[in-house]
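Comments concern the structure below.
The values are calculated or read from the model by the stated rules, or taken from the named source; none is laboratory data. This is a predicted model, so every value here is computed, not measured. So basically every Cβ, Gly included, is an ideal-geometry build from the backbone, and we count neighbours across all protein chains shown. Quick note on the areas: whole protein, heavy atoms, side chains included, nothing else; ligands and nucleic acids left out. Shrake-Rupley method; radii C 1.70, N 1.55, O 1.52, S 1.80 Å.
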Amino acid sequence: MARDLSSQILKGDHRAVAKAISIVEAGGEQSRKLIQELYPHTGRAYTIGVTGPTGTGKSTLVDKIIEEYRKRERSVGVLAIDPSSAFTGGALLGDRVRMMDHSLEKKVYIRSMASRGDLGGLARAARNTIRVLDAAGMDVILVETVGAGQTEVQIATSVDATIVVLMPQLGDEIQAFKAGFAEIGYVFVINKADLVNPAKTIYNIASGLQERDGWRPPVLKTIAVKGTGIPSVVDAVEKFQKHLEAKGLGEERLRKRIESELVDAAFSDFYHQSVKRLRDQKELDALVERVVGRDLDPETAASKLVGIIAKIGEKA
């Protein structure tokens, strides 16, 4: 099945791509087999993260960036990470609705993914979705994230370049640096520049940025709803790509990303396997009951769990 689906994806079949993304979202053995088939055909797409606080107009900006790349005759894949309910897991998935005008184009593929509150699983699914879109022949892949936080930092560090979107004089510059965006952003965009004079925000952001990898992040202003400033944003991202190539930094950054991904995936697998084994052997339930009954404190119980897990590993 994985091989047949893979062959359809390599032809750019949108239905096959949709099915594949559903598989990688679910995870498990089927996802592993599919990525195993697709991985040799990846590595060609340029991946761009788009992140920033909510309400700054990220979805509108992404919509206009799609338009600009299509004018430049590039195929575009979009992964929009939507907020989801912590109780039901449901998500509005409104980003795809906003971009619907592009979703019918053969050279554009847009997919929304609910965050579901599972950071590790989300990052893994997002990375593998990028690989599916890459194998399907997309030249550029845009990953738009929900807002501000660890989710954005982890997913943004899984792409080649990151655009951080802010808006004028609403305290976003302070929030940006607190959230760690200064460390992951390579292009900063002050959107909705027509609402308030953005000069102060541009100054505050620019003065707080430092050169990294020989690159000083530009701070650009846009009015996404009008399409103003969008070509400059795409030019800046492409300039950053050329900068990395000229400095020979692309492969080094890729190695760091792969190392981080492998460690994250290994710990995630180890965690889920350990929990399953503990429950199968009733060890976890027994310790929970002792803690609930005040017969054992949580710290000591956790230490005992570590010892049990180690013994399970020795037997495996």
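Brief remarks follow.
- Enumeration of residues in the range 259-287 that are surrounded by 11 or more Cβ atoms within 10 Å (Cβ to Cβ), farther than 16 Å from residue 302 by Cα and among the aliphatic types (A, V, I, L, M): 265
- Within the range 198-228, the set of residues being in contact (Cβ under 8 Å) with a residue 40 or more places away in the chain and open to solvent by less than 60 Å² (accessible area, probe 1.4 Å) comprises 222, 224, 227.
- When 247, 256 are checked against the criterion of being modelled with pLDDT under 95, among the charged types (D, E, K, R) and within 18 Å of residue 43 (Cα to Cα), 256 stands alone in meeting it.
- Among residues of the range 36-65 that are at positive phi and without any contact (Cβ under 8 Å) to a residue 12 or more places away in the chain, none has a Cβ under 9 angstrom from a residue that is of a type outside the set (Gly, Ala, Ser) and assigned to a strand (DSSP E or B) at a sequence gap of 6+ or on a separate chain.
- Within the range 1-12, the residues that satisfy the criterion of being under 14 Å from residue 138 (Cα atoms) and in contact (Cβ under 8 Å) with a residue 60 or more places away in the chain are 9, 10, 12.
- Counted residues, the range 37-67 - those being touching a helix residue (DSSP H, G or I) at 6+ places or on another chain (Cβ under 7 Å), of a type outside the set (Phe, Trp, Tyr), open to solvent by 40 Å² or more (accessible area, probe 1.4 Å) and assigned to a helix (DSSP H, G or I): 4
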